[in-house]
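Engineer: Shown below is the structure under consideration.
The values are calculated or read from the model by the stated rules, or taken from the named source; none is laboratory data. Here the structure is a predicted model, which is why all the values come from computation and not from measurement. Please note: Cβ atoms are built from the backbone with ideal geometry, for glycine as well, and neighbour counts cover all protein chains shown.
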There are 2 protein chains.
Amino acid sequence: MFPAFLQMRGVERMFATDGFMDDFQNRLLASADRISGALDALLAQQPREGEISRPERLMAAMRHGALNGGKRLRPFLVLESAALFGVEEADAMAAALALECVHCYSLIHDDLPAMDDDDLRRGQPTVHKAFDEATAILAGDGLLTLAFELLGSAACHRDAGVRSELVVELAKAAGLGGMVGGQMLDLQAAEDAPDEAAIRMLQAMKTGALLRFACEAGAILGSASPSDRATLRAFGEKIGQAFQLADDVLDVVSSDEAMGKRVGKDEAMGKGTLVAILGLEQARQRADALVEEAEALLSGFGDRADVLKSCARYIVSRQQ
Amino acid sequence: MFPAFLQMRGVERMFATDGFMDDFQNRLLASADRISGALDALLAQQPREGEISRPERLMAAMRHGALNGGKRLRPFLVLESAALFGVEEADAMAAALALECVHCYSLIHDDLPAMDDDDLRRGQPTVHKAFDEATAILAGDGLLTLAFELLGSAACHRDAGVRSELVVELAKAAGLGGMVGGQMLDLQAAEDAPDEAAIRMLQAMKTGALLRFACEAGAILGSASPSDRATLRAFGEKIGQAFQLADDVLDVVSSDEAMGKRVGKDEAMGKGTLVAILGLEQARQRADALVEEAEALLSGFGDRADVLKSCARYIVSRQQ
């Protein structure tokens, strides 16, 4: 079964001939299970060595925000980009979990009444609905902080230089010049009516930076050459842009039910999107072109990069 | 001029004979100026290398929360404990700034309507009053993230092992088992009516952990022996407890005007404090005893530790 969007765009044939999509989706699902299991252990109620206490309500809220059936796309990209440089999954898992903690924190804070004011996330009540606003703010703060503890810990990588580099790169991607800054611009977008260039910058910060980090992190973990690292970084940028275009398309064509959250919101709030500027058809074409560019970037890795290439395609074909 | 509290407790004589207090306060003020200057530069509007953009409103809110005339006690402790191990101020400044960023973020989030709902901080409107709630949440998130960027960066320390260790220790102190967890327990305190042991744990997490980190960070930066590091950690724990007792005393005896924020709030909210349990006089005695224990811990360092000892005394004598 191929999603209607792919049938329309004639991508079905490509998948039909190589079977990539089924294999890929199974791989992504299996990886999500392992990542969720590791997050589950990480967020156990029992205090770890050196911790005074883990407040029950805080842990419950962090678990609610982090263990809700996400696709685990970002940590998957960390694991797969690390595998490209010969890094075993166990040796990339801490960095993958750190990134997922940052992603989950950002969703919890973005959903708050003062921000996007969303009641549902993946079909479940958002953290501030299931608990309360104060607990949701703290759960987000706790996940963000935990991410850096994971990256700094010896279990992340034997080389402290690699750990420090991951800390700096994740902080840059997630911080004032990245995701947090992008969310600020997004909140102002309803008033500012950004043009295409401004929307691209906002998206590069808000969602692009973490996806770029996901791919670059694998290269950092694998002590890749500067050239390979730049390639993975560029790949992450391309798929970040494609991801956002696909998201904007889904926000227009999908239903609340299929997405497990409220859709059509950008338009309702008067925020400009690239779909509003380019139109649906051109937005889809551009997303496809970005995926092709992303795949081309990895050509030097041969079939070792097949999973990452499939992931790029998946990103524009997903239905939620 | 000695504060009434010290006159009552006969501490005046001690200071009158050695002149510590005047010297110390001048040193703290001068240090606060340098730290504020460095924060000012850190939070400049101009993007730094590798940053796409620094959204104006976000930077203004972060500056409002971080550049508001704080005493800079925590970064001062980092600098002075590092100096004990021969580390120049310039070489400890990044870690000091990182800790202050975490402190400022915690104040911004704690002041939010969903949390402690405070309108004033150091006599100025809190960030969500001067801006709005969403911007205040993001400003806090941005400062927390920036702290880890600072610690991971080469400018923090030439040895990446030291940088990673600082990252892990700050994350533990600030995270779910430290400050964030403590704030969760504090929010629940009005309902839970914690006993003395529970209040001590709450305080050790909410305020103690960062003060302990401040002192231990100096030892980490200075590659101190495990024994010296444990000593500085214990010193930080003692002054953390003394700080909190002094804070609880001030919350009862001080005025809103002198503190630049609302006082008497813990009692009004029905949260148990150690002062409510022990009484004012015993709380003061215990704070003094903790300061003496803290000073005794540093006896092996001779007069090189005079500034840190003065700081311990200052912590229980301060009027705000």
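Engineer: Of all the residues that make up the range B:148-168, how many are assigned to a helix (DSSP H, G or I), touching a residue at least 12 places away in the same chain (Cβ under 8 Å) and more than 16 Å from A:Ala98 (Cα to Cα)?
Structural biologist: Qualifying residue count, the range B:148-168: 6.
Engineer: Which condition number does B:Ala96 fail, the rest of (1) in a loop (DSSP other than H, G, I, E, B); (2) under 30 Å from B:Leu298 (Cα atoms); (3) of a type outside the set (Phe, Trp, Tyr) being met?
Structural biologist: (1)
Engineer: Quick check on my filter: what residues within the range A:204-219 are in contact (Cβ under 8 Å) with a residue 60 or more places away in the chain, within 13 Å of chain B (Cβ to nearest Cβ) and over 14 Å from A:Val102 (Cα atoms)?
Structural biologist: Result: A:Glu216, single match.
Engineer: Give me the pairs, please: first residue somewhere in the range B:38-65 and at the interface with another protein chain (Cβ under 7 Å from one of its Cβ atoms), second residue anywhere and assigned to a loop (DSSP other than H, G, I, E, B) and of a type in the set (Lys, Arg), beta-carbon distance under 9 Å, and either six or more positions apart or on two chains.
Structural biologist: Filtered contacts from the range B:38-65: B:Pro47/B:Arg54; B:Arg54/B:Arg48.
Engineer: Looking at the structure I just gave you, is B:Gly161 buried (at least 24 other Cβ atoms within 10 Å of the Cβ) and modelled with pLDDT of 95 or more? Break it down into steps so the answer makes sense when it comes.
Structural biologist: Working: buried (at least 24 other Cβ atoms within 10 Å of the Cβ): no; modelled with pLDDT of 95 or more: yes.
For B:Gly161, the condition - buried (at least 24 other Cβ atoms within 10 Å of the Cβ) and modelled with pLDDT of 95 or more - is not met.
Engineer: Read through the list (1) closer than 22 Å to A:Pro55 by Cβ; (2) in contact (Cβ under 8 Å) with a residue 60 or more places away in the chain; (3) within 11 Å of another protein chain (Cβ to nearest Cβ); (4) in contact with an Asp or Glu (Cβ under 8 Å, 6 or more places away or on another chain), then give the number of the only condition that B:Gly177 fails.
Structural biologist: (2)
Engineer: Please go through (1) in a helix (DSSP H, G or I); (2) within 17 Å of B:Glu149 (Cβ to Cβ); (3) facing another protein chain (nearest Cβ under 7 Å) for A:Leu185 and return the number of the only condition it doesn't satisfy.
Structural biologist: (2)
Engineer: Identify all residues within the range B:32-58 that are of a type in the set (A, V, I, L, M) and either in contact with a helix residue (DSSP H, G or I) (Cβ under 9 Å, 6 or more places away or on another chain) or surrounded by 17 or more Cβ atoms within 10 Å (Cβ to Cβ) (or both); write none if there are none. Break it down stepwise before answering.
Structural biologist: If we filter the range B:32-58 for residues that are of a type in the set (A, V, I, L, M), which is where we start, we get B:32, B:35, B:38-39, B:41-44, B:52, B:58.
Passing the criteria: B:Ala32, B:Ile35, B:Ala38, B:Leu39, B:Leu42, B:Leu43, B:Ala44, B:Ile52, B:Leu58.
Engineer: Right, something else. For the range B:160-174, which residues satisfy the criterion of being at the interface with chain A (Cβ under 8 Å from one of its Cβ atoms) and among the acidic types (Asp, Glu)?
Structural biologist: Matches in the range B:160-174: B:Glu165 only.
Engineer: Let me ask you something else. Among the residues of the range B:189-206, write down those that are in a helix (DSSP H, G or I) and either of a type in the set (A, V, I, L, M, F, W, C) or under 15 Å from B:Lys172 (Cβ atoms) (or both). Reasoning before the result, please.
Structural biologist: First, the residues of the range B:189-206 that are in a helix (DSSP H, G or I): B:189-192, B:196-206.
If the condition is that a residue be in a helix (DSSP H, G or I) and either of a type in the set (A, V, I, L, M, F, W, C) or under 15 Å from B:Lys172 (Cβ atoms) (or both), then B:Ala189, B:Ala190, B:Ala197, B:Ala198, B:Ile199, B:Met201, B:Leu202, B:Ala204, B:Met205, B:Lys206 are the ones that fit.
Engineer: Going through A:Leu143, A:Leu138, A:Leu176, A:Leu187 one at a time, which residue ends up being surrounded by 22 or more Cβ atoms within 10 Å (Cβ to Cβ), closer than 22 Å to B:Ser153 by Cα and out of contact with any Phe, Trp or Tyr (no Cβ under 6 Å at 6 or more places or on another chain)?
Structural biologist: Numbers: A:Leu143 fails: out of contact with any Phe, Trp or Tyr (no Cβ under 6 Å at 6 or more places or on another chain); A:Leu138 fails: closer than 22 Å to B:Ser153 by Cα; A:Leu187 fails: closer than 22 Å to B:Ser153 by Cα.
So the residue among A:Leu143, A:Leu138, A:Leu176, A:Leu187 that is surrounded by 22 or more Cβ atoms within 10 Å (Cβ to Cβ), closer than 22 Å to B:Ser153 by Cα and out of contact with any Phe, Trp or Tyr (no Cβ under 6 Å at 6 or more places or on another chain) is A:Leu176.
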